[in-house]
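Please read the structure below before turning to the comments.
None of the figures in this text is laboratory data; all of them are computed from the coordinates on show. All figures in this text were calculated on a predicted structure; none of them were measured in a lab. Backbone-built Cβ (ideal geometry, glycine too); neighbour counts: all protein chains shown.
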Amino acid sequence: MAAHAVVRDDDGRVLLVEPTYEPGWILPGGAVEADESPRAACARELT
C-alpha cells in the first residue's frame, strides 16, 4: 500500500515530485510499512 499527500500553497498550486526510480511526476509520499498507518507512513516520507 502507498500513502500520498496533497500539499498546496496559498495560491492553490499542488506540490509534485519527480522520482528518480520512474519517469513522470507524482504526489509526495511513499510505501506503507507493515503495521504502520497510512498517516504515519506519509508523515515519515515527507520528513
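Here are a few things to note about the model shown:
- Our analysis of the chain gives Rg over Rh at 1.01, with the two radii drawn from alpha carbon positions and Rh computed by the Kirkwood formula.
- Extension reserve of the Ala34-Val17 stretch, reckoned as 0.36 nm per residue once the Cα distance is removed: 3.7 nm
- Net lengthening on full extension, Ala43/Leu27 (0.36 nm per residue, minus Cα-Cα): 4.4 nm
- For the chain, the Cβ-based charge dipole about the Cα centre amounts to some 80 debye (Lys, Arg positive; Asp, Glu negative; other atoms uncharged).
- Computed over the chain, the per-residue total of -39500 (n - 2.57) for DSSP H runs of n ≥ 4 gives a 222 nm mean residue ellipticity of -5500 deg cm²/dmol, rounded to 500.
- The chain, relative contact order in percent, only Cα pairs under 8 angstrom and at least six apart counted: 39
- Backbone phi angles across region 17-29, fed through the Karplus curve with coefficients 6.51, -1.76 and 1.60 (θ = phi - 60°), yield HN-Hα couplings of 10, 9, x, 7, 9, 7, x, x, 10, 9, 6, x, x Hz in residue order; Gly and Pro are listed as x.
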